[in-house]
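Undergrad: Before we start, here is the structure in question, set down as structure tokens.
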Amino acid sequence: MGKVTGFQEYDRVAPTREAAATRIKHYGEFLNELPAEELNRQAARCMDCGVPFCQSGCPLGNVIPEFNEAVYQAKWELAANILLSTNNFPEFTGRICPAPCESACVLGINRPPVSIEEIEKHIIEIAFDKGYIKAKAPLIRTGKKVAVIGSGPAGLAAAAQLNKVGHEVTVFERDDAPGGLLRYGIPDFKLQKNVVDRRIDLMKEEGIIFKCNANVGENVEISTLLRDFNAIVLAGGSTIPRDLPIPGRAAKGVHFAMDFLKQQNKRVADRKFDVEDILASGKNVIVIGGGDTGSDCIGTSNRHGAKSVTQFEIMPMPPQVRNEHMPWPNYPMLLKNTSSHEEGAQRAWSVNTKNFIADENGNLTALKVVDVEWDIDANGRPVSFKEVAGTERDLPCELVLLAMGFLHPQKEGLIEKLGIELDNRGNVKASEHTYQTNIAKIFAAGDVRRGQSLVVWAISEGREAARKVDEYLMGITKLASRDAIAYA
């Protein structure tokens with residue numbers, strides 16, 4: 001351990017940000033790097049606990065105390081090697097992960113936790129700057145071919161791991177560029193796409209083949225994949241958004257959040273799209289849904305120059321600190337104030353939308369909403385609500401963005417044509433022990449299997465599925481399991 005008393009001597013320090021008034025004028029990232037001496041102090045705060053709850057709290061099982069020690073000693077190559085042993089893409093998770101590891105940090109019991117996510121991002125960026133990150137193609141190929149369908153975080157992780165052990169991997173992506181959610185879901189101000197491209201280029205150098213505009217089941221024959229590949233990994237994500245089927249839903253100006261975000265990412269990348277522009281410029285915008293996607297809509301709307309931005313959701317406002325229903329080290333469902341909220345937005349909770357209001361031309365002009373009151377059970381969970389009398393009102397707006405999450409993967413096309421079994425939630429049915437579907441050579445990983453979740457969970461799923469594919473193809477596998485790492 002670098003400094004035994006570090007957690008007593010140093011406070012948590014976050015990197016500075018570009019001022020909100022200036023950063024909303026562009027789409028680039030706006031967090032500054034921590035100075036080397038401050039990064040050293042932040043790593044010194046790690047207590048090197050006998051039981052590293054941070055490590056078990058991480059879906060990837062990142063070996064956190066060890067890489068903190070390496071950072072404290074300024075051993076950057078060692079820190080990068082430790083981090084990359086469990087996480088294929090720390091440059092992604094270091095930017096967009098909600099850091100469940102920090103929620104499980106022992107120091108966080110009574111003080112601000114160690115800045116694990118920020119340290120992770122600095123490790124990988126410094127490693128790139130110093131030239132430690134290089135393409136490493138396998139020396140020996142197994143002769144086995146694997147198709148990965150979907151190039152989001154789960155598909156990329158599965159492809160990277162399978163290529164590492166010598167299989168020939170081809171990734172099929174129905175969009176015009178690889179990356180999935182990383183490219184066309186997360187705004188550039190949170191994850192610039194040169195960061196994604198940098199990793200994709202490395203994977204190509206390592207021998208992974210990417211085929212874009214390749215919609216399997218539509219313009220790519222399923223029979224060809226079944227014939228030409230020894231195994232297939234489904235990693236297409238959870239793509240069917242939750243709708244709000246209330247009166248007036250067809251009004252012009254009501255859109256799914258992901259359509260809005262994807263379109264903007266294409267604009268920033270100067271890529272063409274053949275649908276009508278969805279712009280917040282000069283409009284009163286209402287975002288329905290209180291999660292990260294809703295927050296991304298706020299940041300994007302402010303950058304468009306929206307007249308006003310309001311975010312609400314039907315659930316009650318989360319607490320700001322842990323309570324008896326959220327004991328440490330469990331991940332707490334607390335009120336989250338993001339950088340997008342800092343840039344300007346009105347927020348409200350326990351609000352239910354009654355109907356969309358449109359003018360004679362079908363253009364959205366307002367929402368009719370009402371406040372609701374929740375009944376809370378003994379475990380602190382909201383279970384039912386009733387409307388609050390006298391609170392019904394119309395909120396003027398010209399653009400509504402539905403950011404209420406995703407239901408399940410798209411069934412039409414590939415999944416139906418393959419005859420893949422689904423679970424009771426509509427996700428691909430595949431055991432968490434084998435990741436295998438009802439068709440022996442077809443596996444599933446990420447949101448397509450577990451439902452809508454975090455990028456860090458998608459990477460974990462892709463890695464675990466790759467282990468099972470390798471085992472299926474070779475009889476054994478040298479790829480380490482997440483549990484073996486986390487509890488070693």
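The values are calculated or read from the model by the stated rules, or taken from the named source; none is laboratory data. For clarity, every value in this text was computed on a predicted model and none was experimentally measured. Counting neighbours? That spans all protein chains shown, and the Cβs are built from the backbone with ideal geometry, glycine included.
Undergrad: If you take the residues of the range 68-106 that are under 17 Å from Ala158 (Cα atoms) and among the hydroxyl-bearing types (Ser, Thr, Tyr), which of them is nearest to the chain's Cα centre (by Cα)?
TA: Checked the range 68-106; the qualifying residue nearest to the chain's Cα centre (by Cα) is Thr93.
Undergrad: Return yes when Glu206 is in the same structural domain as Leu414 (by TED's automatic domain parsing) and either surrounded by fewer than 16 Cβ atoms within 10 Å (Cβ to Cβ) or of a type in the set (Gly, Ala, Ser) (or both) and no when it is not. Even if it seems obvious, please write down each step before you answer.
TA: Working: in the same structural domain as Leu414 (by TED's automatic domain parsing): yes; either surrounded by fewer than 16 Cβ atoms within 10 Å (Cβ to Cβ) or of a type in the set (Gly, Ala, Ser) (or both): no.
So Glu206 fails the test.
Undergrad: Quick check: anything in the range 427-447 assigned to a helix (DSSP H, G or I), in the same structural domain as Arg227 (by TED's automatic domain parsing) and surrounded by 13 or more Cβ atoms within 10 Å (Cβ to Cβ)?
TA: First pass over the range 427-447, keeping only residues assigned to a helix (DSSP H, G or I): 447.
After this cut, where a residue has to be in the same structural domain as Arg227 (by TED's automatic domain parsing) as well, the list is 447.
Narrowing further to those that are surrounded by 13 or more Cβ atoms within 10 Å (Cβ to Cβ): 447.
Yes: one or more hits.
Undergrad: Find the residue count for the range 1-30, including only residues that are touching an Asp or Glu at 6+ places or on another chain (Cβ under 6 Å), modelled with pLDDT of 95 or more and either assigned to a helix (DSSP H, G or I) or not aliphatic (A, V, I, L, M) (or both).
TA: Counting residues in the range 1-30 that are touching an Asp or Glu at 6+ places or on another chain (Cβ under 6 Å), modelled with pLDDT of 95 or more and either assigned to a helix (DSSP H, G or I) or not aliphatic (A, V, I, L, M) (or both) gives 3.
Undergrad: Scan the range 99-121 and tell me whether some residue there is closer than 18 Å to Ile200 by Cα and among the aliphatic types (A, V, I, L, M). Don't jump to the end; show me each part of the working.
TA: Narrowing the range 99-121 to residues closer than 18 Å to Ile200 by Cα: 121.
Filter again for among the aliphatic types (A, V, I, L, M), leaving none.
No, the conditions are met nowhere in the range 99-121.
Undergrad: Taking the range 269-296 only, how many residues are part of a strand (DSSP E or B) and either within 24 Å of the chain's Cα centre (by Cα) or buried (at least 23 other Cβ atoms within 10 Å of the Cβ) (or both)?
TA: From the range 269-296, those part of a strand (DSSP E or B) are 284-288; that's our starting set.
When the remaining residues are screened for being either within 24 Å of the chain's Cα centre (by Cα) or buried (at least 23 other Cβ atoms within 10 Å of the Cβ) (or both), the result is 285-288.
Final tally of qualifying residues: 4.
Undergrad: Then there is this: Looking only at the range 69-87, count every residue that is in contact (Cβ under 8 Å) with a residue 40 or more places away in the chain, among the aliphatic types (A, V, I, L, M) and assigned to a loop (DSSP other than H, G, I, E, B) and tell me the total.
TA: Final tally of qualifying residues: 0.
Residue-wise test of (1) surrounded by 14 or more Cβ atoms within 10 Å (Cβ to Cβ); (2) touching a residue at least 12 places away in the same chain (Cβ under 8 Å); (3) touching a helix residue (DSSP H, G or I) at 6+ places or on another chain (Cβ under 6 Å); (4) assigned to a loop (DSSP other than H, G, I, E, B).
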position: Asn352; (1), (2), (3), (4): yes, yes, no, no
position: Asn355; (1), (2), (3), (4): yes, yes, no, no
position: Thr365; (1), (2), (3), (4): yes, yes, no, no
position: Lys368; (1), (2), (3), (4): yes, yes, no, no
position: Asp371; (1), (2), (3), (4): yes, yes, no, no
position: Asn379; (1), (2), (3), (4): no, yes, no, yes
position: Phe385; (1), (2), (3), (4): yes, yes, no, no
position: Ala389; (1), (2), (3), (4): no, no, no, yes
position: Glu412; (1), (2), (3), (4): no, no, no, yes
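Undergrad: Answer yes if at least one residue in the range 417-425 is in the same structural domain as Leu226 (by TED's automatic domain parsing), part of a loop (DSSP other than H, G, I, E, B) and of a type in the set (S, T, N, Q), and no otherwise.
TA: Yes, some residue in the range 417-425 is in the same structural domain as Leu226 (by TED's automatic domain parsing), part of a loop (DSSP other than H, G, I, E, B) and of a type in the set (S, T, N, Q).
Undergrad: Another question, if that's okay. Name the residue that is farthest from Glu342 (Cα to Cα), counting only residues in the range 31-50 that are assigned to a loop (DSSP other than H, G, I, E, B) and out of contact with any Leu (no Cβ under 7 Å at 6 or more places or on another chain).
TA: Gly50
Undergrad: Right, here's the next one. Mind checking which residues of the range 36-58 are surrounded by fewer than 22 Cβ atoms within 10 Å (Cβ to Cβ) and under 27 Å from the mean Cα position of the chain (by Cα)?
TA: If the condition is that a residue be surrounded by fewer than 22 Cβ atoms within 10 Å (Cβ to Cβ) and under 27 Å from the mean Cα position of the chain (by Cα), then Phe53, Ser56 are the ones that fit.
Undergrad: Residues in the range 83-93: is at least one more than 29 Å from Gly299 (Cα to Cα), crowded, with 21+ Cβ neighbours inside 10 Å and at pLDDT 95 or above?
TA: Within the range 83-93, one or more residues are more than 29 Å from Gly299 (Cα to Cα), crowded, with 21+ Cβ neighbours inside 10 Å and at pLDDT 95 or above.
Undergrad: So, one more: Of everything in the range 215-231, what is surrounded by fewer than 17 Cβ atoms within 10 Å (Cβ to Cβ) and closer than 27 Å to Leu454 by Cα? Give them in sequence order. Walk me through it before giving the result.
TA: Just the residues of the range 215-231 that are surrounded by fewer than 17 Cβ atoms within 10 Å (Cβ to Cβ), to begin with: 215, 218-219, 221-224, 226-228, 230.
If the condition is that a residue be surrounded by fewer than 17 Cβ atoms within 10 Å (Cβ to Cβ) and closer than 27 Å to Leu454 by Cα, then Asn215 is the only one that fits.
Undergrad: Among all residue pairs at least 6 apart or on different chains, which show Cβ distances below 6 Å where the first residue, located in the range 471-483, is part of a loop (DSSP other than H, G, I, E, B) and the second is polar (S, T, N, Q)?
TA: These pairs meet every condition: Leu479/Gln161.
Undergrad: Would you point out which residue out of Arg463, Arg449 is of a type in the set (Lys, Arg) and out of contact with any helix residue (DSSP H, G or I) (no Cβ under 6 Å at 6 or more places or on another chain)?
TA: One residue alone meets the criteria, Arg449.
Undergrad: Do any residues in the range 138-163 that are on the phi > 0 side of the Ramachandran plot have Cβ atoms under 8 Å from those of residues that are of a type in the set (D, E, K, R) and assigned to a strand (DSSP E or B), where the two are at least six apart or on different chains, and which pairs are they?
TA: Gly143/Glu168
Undergrad: Same structure, new question: If you check Leu107 against the conditions, is it in contact (Cβ under 8 Å) with a residue 12 or more places away in the chain, touching a Phe, Trp or Tyr at 6+ places or on another chain (Cβ under 9 Å) and part of a helix (DSSP H, G or I)?
TA: Details: in contact (Cβ under 8 Å) with a residue 12 or more places away in the chain: yes; touching a Phe, Trp or Tyr at 6+ places or on another chain (Cβ under 9 Å): yes; part of a helix (DSSP H, G or I): yes.
Criteria met by Leu107.
Undergrad: What number goes with the only condition from (1) in contact with a helix residue (DSSP H, G or I) (Cβ under 6 Å, 6 or more places away or on another chain); (2) over 29 Å from Asn194 (Cα atoms) that Leu39 does not pass?
TA: Looking at each condition in turn, Leu39 falls short on (2).
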